[in-house]
Structure formats: structure tokens, C-alpha cells
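Take a look at the structure below.
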Amino acid sequence: MAALVLDRLTKHYGDHAAVDTLSLTVADGEFLVLLGPSGCGKTTTLRMIAGFVEASTGQVSLGDRDITREPPHRRNIGVVFQNYALFPHLSVFENVAFGLRRRKRPEAEIKTRVARALGLVRLDAFADRMPKQMSGGQQQRVAIARALVIEPDILLLDEPLSALDAKLRLEVRQELKALQRLLGIATILVTHDQDEAMSLGDRLVVMNAGRVEQIGSPQELYRQPASRFVASFIGRGNFLEGVGAGHRFTTRHGWSLPTARPVDDVATVLIRPEAIHLAPTADADRVPARVALVTYLGPMTEVVLELAGGDRLVAEQASGGWLDRVEPGQDIGAGIPPEAVIGLGAEGATRT
Amino acid sequence: MATGRAMAWRRAGAMAPASLLVLGFLVLPMLLMLRYSFNSFVPGKFMVEAVTVENYVKLAADPYYRHVLGLTLTVSISVTILTLIVGWPVAQFLARTQTRHKGLLLLAVVLPLFVGNAVRAAGWMVAFGREGLVNRLLQATGLIDVPLQIMFTPTAVIIGIVSVNLSYVVLTLSSVIEGIDRRAEEAALSLGATPFETWRLVTLPLALPGLLAAGVLSFILSMNAYATPVLLGGPSFQMMAPVVADQVLQRANWPFGASLGFVLMLVTLGLTAGANWLVGRRYGR
Ligand SMILES: Nc1ncnc2c1ncn2[C@@H]1O[C@H](COP(=O)(O)OP(=O)(O)O)[C@@H](O)[C@H]1O
Ligand SMILES: [Mg+2]
């Protein structure tokens, strides 16, 4: 059975819809990531699930319970906030014990469960500390332990890593992933960071202006984005505009490319930079291209290309060999396999 | 080290003018009063230069002054508790409301302060009279048959002082409540705390320093209240500030007035420090 189901969930603020008929399902033990730009309604969605704001319309079900009108303290949902939101006047132990005490568990049980939860986040030795005596990363791990110890039906995390510095962020991210796997707890994490989303999520939900733009595995979203919005939000890409017909796409500048799938009615195609194969010279499989800019990125080299007709492409290829000596102004060849040309639906087509 | 010390000096230098002002306007008059309180009072000759503790002895020995001090404390503690209880919901509403008219609401809280204490007390006198608004209302709603005696009772004085202090308490509390992280309250709710438990276990402890500050403010203001007890309490209701004024203005007994004033200040300071210590100990701050 699904751990959580959102059915046409909507939140209006005045006549503005912060979240608009959003439907999705979280499977048992699944790690779902809500991804989207700032202001697209991620936090509002999470807060409706937790019960901090009331849904305007739609339904939230947890297992077989309809919790849409249930107050937050009766939902049994673990919440982790961006700013940790620990209780500053309570020790780490009491912070983690808080939920168990509300559930009137016996003292001995509280002791063992808090110790186990702190062990999970490797903070066994910190039980007696006050929150402000700890680093940001440690505080966020306490917050995670505090949310997990009550064995919630689902764990919600709202940009939990964005207040941490870059190095710590990677560390806590990996821990979070391992912990979620270990406990097998259904989880929704909100982020605007695509790397975070790709590395954590079993499935990603890309949101735009209060609506779901696309739902899928990281691979699906990367390889088959449904819209230009998804394609530009996940990874980087070259977007070429023009007209598609059958297995051919012709750009505005008149460049005609073969495609693996039919592209009838397609007005925009996506080509990922790393899908372009560069060679020192043009040949039957490679169109002539002039190098406009070269950027050495270590393992990869990024090359901006200008095609004869006026199309511009960004290509990325493993550094080394001839590529290390390439210079702006040089003419090289660029091969674009038909399966690398991905037709995109019209803007917002998937949203209706 | 050297730069730290240089900075400390520079900061001290910058603070010097303000410090001198405080010294001149606050500390000097107080020292003067302290000196007066050790002088001697001779009827007909007024204040006579001396170093004696006779004023303090008289104060301690006379049960009348103990009664006045006791009454002042009772009224002040009642007022403080009442202002905190009545002020909290208003302050919480002000701090948490999403309305665009917050400025107007704040103004409404401050507005009563535009009316001086004496004028306000006069207003209460009209309302509290046997034929006043309060009695009329109570009779109209059928709660009482015979008009209540409100004027010249402790109730009148307490209501009067509460109405003055409430503005200060609401302003202090609402700024403190505004500073409380709502996410911490939401975290408590998500962990299974009822709204009341959340308030008791998270909001209240986090607001405690502000509650203390507001309480101290209200307490000090009532300990030193003058116009309200005089006008609403009447001649037989004696609180400290009017008694001090009476000694100085009516009897021209500066030494005794000064010693009364000092005892009032010390008791106020002592209780304030005590409350501070209690709260600090309870919450390890
Ligand atoms: N309490 C509120 N009152 C009015 N508008 C709000 C409120 N909360 C959020 N919004 C609006 O709803 C939209 C979505 O906000 P939010 O869910 O916080 O986005 P995200 O978390 O994706 O950045 C934004 O346009 C925001 O301005
Ligand atoms: Mg947000």
C-alpha cells in the first residue's frame, strides 16, 4: 500500500494558487524528492502534509487514513526544518525524547530509544549538550534523530541541507540517504538543488508554479524530460528551435538533424552537451563546427561551437589528446547521434 | 591584545558623554537623597546636617510604614500578575497576526499612553462611581441589584494601574513572542504535543526572559505609582510613592522622605534581582 497519497491538493492564498491540484503517491520506503525553483509551492505542499496549513481543496491520505482535517499533533509525521528548529532550552537528549514523552512512554524505553536514535546519527556522546553548543551539521542530525525516534509514518524534510556549508552538505546528504535506506521509511525531501535531488531521490517530482511538471526517476527525467522547464532544471542542455517532421528536425537556421524518435509537431529539441561527439575533423557523421570558446574543467573540457548556419551548441567531452590543444577559431567536427536529439513538448504541455 | 585594548578605550571614549549624562542626571540626585536620608529632622528647623540612622529606625519601628510597604507590594504583585495574564493573549495576537493593519493595532496599544496618568485616573473615577458606567452596566445586565462600592477600594487602584501598565507589557511581550521561532512550535506539534502542551513546553519557556522583563517593568511602575493610588484609592489607601511625597511636600521632612524612598528602591531592586535569579536558575541561563 502507498505510504502517502495526495489527491488534487490545492492551496489558495487570496486568488493566487500556491499549490494547484497536485496529485502524487509515495510508496512504502520510497525516497521522493520535490524539486523546483523558489516559490513554486514546495514548502506549502509539505506544510499541508504536516498539517501546519490547511488545504483549500483536495485530500491527504496517510496509509488508509484520510488526514486532511487532522491536526498536526495527531498525524504521526516526522518533520525536519531548514533551520533545524531544535528546542533551544532543552538538551539534545530532551529534544529527541520530546515526542516519546508526549506519547507517555516509560522512562526506560525513552532512554533506550533516544540512545538508539542518537547512535543512528552518530551523536551518542552529545546527549547532554545544549543545541547551541553544537555545529550546524550536528544540530541538523539531532533534528533528524528527533523526527525519526517517534517512528513516523512518513518523514518530511524541507531543504534540510541548505543551511550547511558545501562540504558538510555532501556528508549529511550521504548519511541521510544511508539512514533512509536502513530504516526503510517513506520520505519526502524538498530542495531546489538538482544535484541533491538526483543523488537522493528514488523518484523526483519537478514542480513549477504550484503544479507538477513531471514525475520520474532521475534517469527518466534526465533522458526524457517532458518539457523545456524540466530539461533546463535538471542538467544542462542545448535547446534548438525549429520544426519537426517524421524522424527529422530542422532548426530555424536550416540545420537538419536525424532523430531516433518521430518529432512531428515538436518545436524544440534538447541535446545534452556530453552527447555530442567531437573529433578534430568533420566527416560523414560529423558536421563542421567552429570553436568559439574552450573551457578546461579538469576531467571534462567544455567547447562552445558555432555551426555554419548560425546554430550554437555547448559540447562537453572527456579532456585529453587533441582536445587539450583545441583553440578558438579552429574548425572541428561535431557528431550528434539521432538518439541524442530529444523532442520536447510545448511549454507546459504536460501540465494540462 | 593591544588592538583589543585600544578598541575598548575608543569605545569607552565614545560612551563618555552618555555616561556623564547618566551620572549627572540619575546618580548624583540619588546620592544626594542617600545623604539626606542620614540627616536629622528638627521641627521648626527642617533638615539638620547629621549622620544618623534615626530615620531608618523610625521606619522599621512604626507598623504604619510596614503596612504601607506591604500594601504597595500586594498591589504591585497583583498588578504584575494581572498585566501578564491579560497582556499575553493580546501580545501573542499582535505578534502573530498577518494583517496589513499591524501598525494601526500597535498604535491602539500605545494610544492610552497619550493620556496622562492623572487624567486617566479621573476618567476611571467617573466610570467607577455609584452612578458610574461600570455599575450601570452591571445593573443593566442584571448581574447586581445594588451598586457596588468600587471607588476607593484596592480593586479600583489595581484596575487603574493595570490599565497604565498594560501598554508597556503588551509591547514588551509582543516583541519577544515575535522573536520565537514558529518552526520550533511546529516541530513540537509534529512530535505529538497538543497546542496547549506546545505553548507550555516550548512557547512559554522561550518567552520567559521577555516575560520577566515585562513583569519587572510592570512591577517597578506599580511600586512607584502615584496619581492612580491617590485618585482612585482615596485618602485612607496609602501606597509608598504618595507617602514619600507627603513627607517631602506636606511635612517638609526631607530626611524621612529620602529614607522612605530608599527603602522603596531597595525593596524593588531586591525583588527584581530575586526574580531574575529564580528564572535564571530554573532555565540555566
Ligand atoms: N502564508 C502565505 N501567505 C501568502 N502567500 C504565501 C504564504 N506562504 C506561501 N505563499 C506563497 O505561495 C507560493 C509558494 O511558496 P512556497 O511553498 O514557500 O514555495 P517554495 O517552498 O517552493 O519556495 C509563493 O508565491 C509564496 O509567496
Ligand atoms: Mg520553501
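Against the condition closer than 30 Å to A:Glu327 by Cβ, of a type outside the set (S, T, N, Q) and buried (at least 18 other Cβ atoms within 10 Å of the Cβ), how does A:Pro273 come out, does it pass? Steps first, answer last, please.
Working: closer than 30 Å to A:Glu327 by Cβ: yes; of a type outside the set (S, T, N, Q): yes; buried (at least 18 other Cβ atoms within 10 Å of the Cβ): yes.
Here the answer is yes, as A:Pro273 does meet what is asked.
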Check: Restricting the search to the stretch A:53-70, which residues are open to solvent by less than 40 Å² (accessible area, probe 1.4 Å) and assigned to a loop (DSSP other than H, G, I, E, B)?
Finding: A:Val53, A:Ala55, A:Gly63, A:Ile67, A:Thr68
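This table checks each residue for (1) open to solvent by less than 10 Å² (accessible area, probe 1.4 Å); (2) more than 14 Å from every other protein chain (Cβ to nearest Cβ); (3) among the aromatic types (Phe, Trp, Tyr).
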| site | (1), (2), (3) |
| --- | --- |
| B:Ala184 | yes, no, no |
| B:Ala188 | yes, no, no |
| B:Leu191 | yes, no, no |
| B:Pro209 | no, no, no |
| B:Ile220 | no, yes, no |
| B:Ala227 | no, yes, no |
| B:Pro242 | no, yes, no |
| B:Arg251 | no, yes, no |
Notebook entry, point to check: Which numbered condition trips up A:Ile154, out of (1) within 24 Å of B:Leu201 (Cα to Cα); (2) within 14 Å of chain B (Cβ to nearest Cβ)?
Noted result: (1)
Margin query: Just the residues that are among the small types (Gly, Ala, Ser) and under 14 Å from A:Gly335 (Cα atoms), please, taken from the stretch A:259-307.
Written below: A:Ala275, A:Ala279, A:Ala282, A:Ala284, A:Ala289
Check: Quick check: anything in the stretch A:36-46 more than 12 Å from ligand 1 (Cβ to nearest atom), away from every other protein chain (no Cβ under 14 Å), open to solvent by less than 20 Å² (accessible area, probe 1.4 Å) and hydroxyl-bearing (Ser, Thr, Tyr)?
Finding: no
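Any residue in the stretch A:168-186 that is in the same structural domain as A:Gln139 (by TED's automatic domain parsing), within 16 Å of ligand 1 (Cβ to nearest atom) and not in a helix (DSSP H, G or I)?
No; the residues of the stretch A:168-186 include none that is in the same structural domain as A:Gln139 (by TED's automatic domain parsing), within 16 Å of ligand 1 (Cβ to nearest atom) and not in a helix (DSSP H, G or I).
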Check: Does at least one position in the stretch A:59-75 carry a residue that is within 16 Å of ligand 2 (Cβ to nearest atom), in the same structural domain as A:Arg146 (by TED's automatic domain parsing) and either under 25 Å from the mean Cα position of the chain (by Cα) or within 24 Å of A:Gly136 (Cβ to Cβ) (or both)?
Finding: no
Notebook entry, point to check: Pick from the stretch A:57-106 the residues that are hydroxyl-bearing (Ser, Thr, Tyr) and in contact with a helix residue (DSSP H, G or I) (Cβ under 9 Å, 6 or more places away or on another chain): which of them is farthest from the other protein chains (Cβ to nearest Cβ)?
Noted result: A:Thr68
Item checked: Yes/no for A:Val114 being β-branched (Val, Ile, Thr) and modelled with pLDDT of 95 or more -> yes
Margin query: Considering only residues that are more than 7 Å from chain A (Cβ to nearest Cβ), surrounded by fewer than 19 Cβ atoms within 10 Å (Cβ to Cβ) and under 25 Å from A:Ile154 (Cβ atoms), which ones fall in the stretch B:193-206?
Written below: B:Pro195
Next item on the list: Take the residues in the stretch B:264-283 that are closer than 21 Å to B:Leu69 by Cβ and either of a type in the set (Lys, Arg) or surrounded by 19 or more Cβ atoms within 10 Å (Cβ to Cβ) (or both), then tell me which one is nearest to the other protein chains (Cβ to nearest Cβ).
Entry: B:Thr268
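The values are calculated or read from the model by the stated rules, or taken from the named source; none is laboratory data. These numbers were taken from a predicted model, which means no experiment stands behind them. Backbone-built Cβ (ideal geometry, glycine too); neighbour counts: all protein chains shown. Calculation scope for accessible area: heavy atoms of the full protein, side chains included, ligands and nucleic acids excluded. Shrake-Rupley method; radii C 1.70, N 1.55, O 1.52, S 1.80 Å.
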